[in-house]
Amino acid sequence: MTLTTDLHAFLRTRRSIRRFKPDPVPDSVLRDILHTATFAPSAHHRQPWRLVALTKSEAKKRLAQSMAAEFERDLQKDGLAQEIVTRRVQKSKERINSAPIVVILCLDMSEMDNYPDAQRQRAEHLIATQSVANAGLQLLLAAHAEGLGGVWVCSPIFAQAIVQTALNLEKNWEPQAMLLIGYPLEIPEVRPRKPIEEVVKIL
Ligand SMILES: Cc1cc2nc3c(=O)[nH]c(=O)nc-3n(C[C@H](O)[C@H](O)[C@H](O)COP(=O)(O)O)c2cc1C
């Protein structure tokens, strides 16, 4: 094994982990993985990510409760049977409450460039969002390096104002996603990947 083959193996063994042991994550480990996330590349090196780590059950509960109410309204609007709505909402709350750490991944546009036209402004917002996603992946990989597991959950982007209010966040911290992190209860099988011929062109 060389460093290179080890790194490939490391990257290919990351899994989305959705069930966790109740064991707490030491504070120093949490700080280390958050720090490593900030070494991700970002557009103009503006580092537009903002990371809000929830470790206390009270904060997670507040978030889960607020998001559940919005999720329930959305599912009802979709016309789902109330029984299904209740089950899905309950599951979503349990996922947040049972994760040892919940990291809300936010985007702050305030130090990005401003353009007078909508097209370039949209592109600027996109490159900032891409930068935040880089930090999110880097956090998942840093967690993997520590024997932790995590999963990217997209629901906060559908409930940005609700997440901001529940956690009393600054208005310019726009929630993009949340990462649930903890020691894995189980390691799932690798999910099959599309053949590279289908997704790659070498010209
Ligand atoms: C942008 C994004 C959004 C995702 N949203 C969710 C989600 O809301 N809930 C969830 O359980 N997994 C979510 N995932 C995780 C994917 O389902 C997972 O990465 C994919 O199935 C591949 O599995 P793997 O990560 O174990 O390789 C998301 C991943 C990404 C990158």
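Does residue 131 satisfy the condition of being farther than 30 Å from residue 9 by Cβ, touching a residue at least 12 places away in the same chain (Cβ under 8 Å) and hydroxyl-bearing (Ser, Thr, Tyr)?
no
Quick check, is residue 14 surrounded by fewer than 18 Cβ atoms within 10 Å (Cβ to Cβ), part of a helix (DSSP H, G or I) and in contact with a helix residue (DSSP H, G or I) (Cβ under 7 Å, 6 or more places away or on another chain)?
Spelling it out, it is not the case that residue 14 is surrounded by fewer than 18 Cβ atoms within 10 Å (Cβ to Cβ), part of a helix (DSSP H, G or I) and in contact with a helix residue (DSSP H, G or I) (Cβ under 7 Å, 6 or more places away or on another chain).
Filtering the stretch 128-143 down to residues that are crowded, with 16+ Cβ neighbours inside 10 Å and either within 9 Å of the ligand (Cβ to nearest atom) or over 14 Å from the mean Cα position of the chain (by Cα) (or both), which residue is nearest to residue 22 (Cα to Cα)?
The qualifying residue nearest to residue 22 (Cα to Cα) is 140.
Check whether at least one residue in the stretch 165-174 is within 16 Å of the ligand (Cβ to nearest atom), of a type in the set (Val, Ile, Thr) and more than 13 Å from the chain's Cα centre (by Cα), and report yes or no.
no
Only one residue in 53, 59, 68, 64 is under 23 Å from residue 97 (Cβ atoms), touching a Ser or Thr at 6+ places or on another chain (Cβ under 7 Å) and of a type in the set (Gly, Ala, Ser). Which one?
When all the criteria are applied, what remains is 68.
I'm trying to understand the selection: among the residues of the stretch 147-164, which are within 10 Å of the ligand (Cβ to nearest atom), touching a residue at least 60 places away in the same chain (Cβ under 8 Å), not in a strand (DSSP E or B) and not polar (S, T, N, Q)?
Of everything in the stretch 147-164, those that are within 10 Å of the ligand (Cβ to nearest atom), touching a residue at least 60 places away in the same chain (Cβ under 8 Å), not in a strand (DSSP E or B) and not polar (S, T, N, Q) turn out to be 156, 158.
Could you please give the count of residues in the stretch 1-35 that are away from the ligand (no atom under 16 Å from the Cβ) and closer than 25 Å to residue 97 by Cα?
15
Can residue 182 be described as closer than 17 Å to residue 25 by Cβ and free of Cβ contacts under 8 Å to residues at least 40 places away in the same chain?
no
Among the candidates 177, 135, 99, 142, single out the residue that is over 25 Å from residue 66 (Cα atoms), aliphatic (A, V, I, L, M) and touching a Phe, Trp or Tyr at 6+ places or on another chain (Cβ under 8 Å).
135
Readers should treat all values here as calculations from the given coordinates under stated rules, not as data from a laboratory. Here the structure is a predicted model, which is why all the values come from computation and not from measurement. So basically every Cβ, Gly included, is an ideal-geometry build from the backbone, and we count neighbours across all protein chains shown.
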